[in-house]
Amino acid sequence: MDELKQRVVFALNKLADNDTYQIGVEDLEKTIECLNSDGVAPFLSWLLDTDSEQKSVVRKECIRLMGVLVTILEGIVGPHLGKMVASIVKRLKEPDAVVRDACVETIGVLTSKLSNDQGENDGIFVALVKPLFEALGEQNKQVQAGAALCLAHVIDNTNDPPVSILQRMGCPRPPAQSNLFSAMSSIQEAVKNSDWTTRKAASLSLGEIASSGGSFFSSFKSSCIRSLESCRFDKVKPVRDTVLQALHLGRSLPGHDPPYLQKLDLP
């Protein structure tokens with residue numbers, strides 16, 4: 001185990017140098033391929049033992065490698081899902097957008113690989129979304145937006161999202177207490193963000209929810225349509241294209257906002 005730790009730490013150090021970055025990535029991916037069930041827990045600990053003193057590229061890669069781990073060792077990483085999701089939620093506080101983006105992408109990988117296992121779908125789905133709903137209750141707007149985007153990716157990457165679980169977690173409750181309401185509000189707010197990549201990600205998330213979680217999205221349809229309409233003529237073409245696609249998906253669904261949303265000044 002000491003030899004394995006030395007190899008992992010040495011590879012992680014390579015990530016901080018542009019000249020050795022790719023070598024470090026390849027070394028870590030090869031290490032993952034050789035892991036057995038006993039090696040997963042310590043590997044994750046070493047991978048996640050990074051802090052703000054590390055370069056953002058290192059922190060980003062450590063998040064991405066969790067997706068690689070799940071992809072390669074899908075059958076033996078299930079018991080470690082809680083630890084991985086907790087780490088992703090923690091990283092949503094990162095000031096660097098590339099790390100937060102990696103969190104969103106990786107949660108999608110975890111979902112697609114683990115949540116569609118027949119017989120265990122609901123339990124894994126809860127393990128994925130429960131920490132995200134809790135993160136939506138934080139006062140940090142950045143964390144709220146990141147958790148909302150992660151939640152959208154979970155829904156998009158689940159073959160048959162158990163809407164009853166979403167409803168138990170977020171509805172029906174007064175809007176001030178509803179985490180489901182917070183999720184949709186955070187995504188809609190992100191559509192107006194000054195950073196065009198954030199606007200695109202938020203629009204993409206609304207489109208993903210529309211296409212894969214119809215009953216979840218339909219309750220918020222009109223407010224989401226208004227949010228998307230507000231940036232239909234965005235000056236950045238990739239944003240415009242994503243918005244138009246999301247509008248097409250959203251308008252194809254039945255539904256309207258619940259009464260309490262219609263009274264609010266949403267975008």
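The values are calculated or read from the model by the stated rules, or taken from the named source; none is laboratory data. Not measured: the values here are computed from a predicted model. In this analysis, Cβ positions are derived from the backbone assuming ideal geometry, glycine residues included, and neighbour counts consider all displayed protein chains.
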**Request:** Tell me, please, whether a residue that is under 30 Å from residue 237 (Cβ atoms), modelled with pLDDT under 70, assigned to a helix (DSSP H, G or I) and of a type in the set (Ser, Thr, Tyr) can be found in region 194-214.
**Result:** yes
**Request:** Hey, could you check region 221-267 for residues that are among the hydroxyl-bearing types (Ser, Thr, Tyr) and in a helix (DSSP H, G or I) and say which is modelled with the highest pLDDT?
**Result:** 242
**Message:** Looking at residue 92 and the list (1) more than 20 Å from residue 159 (Cα to Cα); (2) modelled with pLDDT under 95; (3) surrounded by fewer than 20 Cβ atoms within 10 Å (Cβ to Cβ), which single condition is not satisfied?
**Reply:** (3)
**Complete:** Residue pairs within 8 Å by beta carbon, gap of at least six or interchain, first lying in region 2-19 and surrounded by 10 or more Cβ atoms within 10 Å (Cβ to Cβ), second assigned to a loop (DSSP other than H, G, I, E, B), listed first then second, are 12/50; 14/20; 15/55; 16/54; 16/55
**Asked** Any idea which of 99, 85, 68, 40 is in contact with an Asp or Glu (Cβ under 8 Å, 6 or more places away or on another chain) and modelled with pLDDT of 90 or more?
**Response** 68
**Message:** Residues to consider are 95, 42, 79; find the one that is without any contact (Cβ under 8 Å) to a residue 60 or more places away in the chain and outside any helix (DSSP H, G or I).
**Reply:** 95
**Item:** Test: residue 27 is more than 26 Å from residue 157 (Cβ to Cβ), over 25 Å from the mean Cα position of the chain (by Cα), in a helix (DSSP H, G or I) and touching a residue at least 12 places away in the same chain (Cβ under 8 Å)
**Value:** yes
**Complete:** With criteria (1) out of contact with any Ser or Thr (no Cβ under 7 Å at 6 or more places or on another chain); (2) more than 19 Å from residue 110 (Cβ to Cβ); (3) at pLDDT 65 or above, residue 176 comes up short on (3)
**Request:** Determine whether residue 61 is of a type in the set (Asp, Glu), assigned to a helix (DSSP H, G or I) and surrounded by 17 or more Cβ atoms within 10 Å (Cβ to Cβ).
**Result:** yes
**Asked** For region 7-20, what are the residues that are within 25 Å of the chain's Cα centre (by Cα) and in a helix (DSSP H, G or I)?
**Response** 12, 15
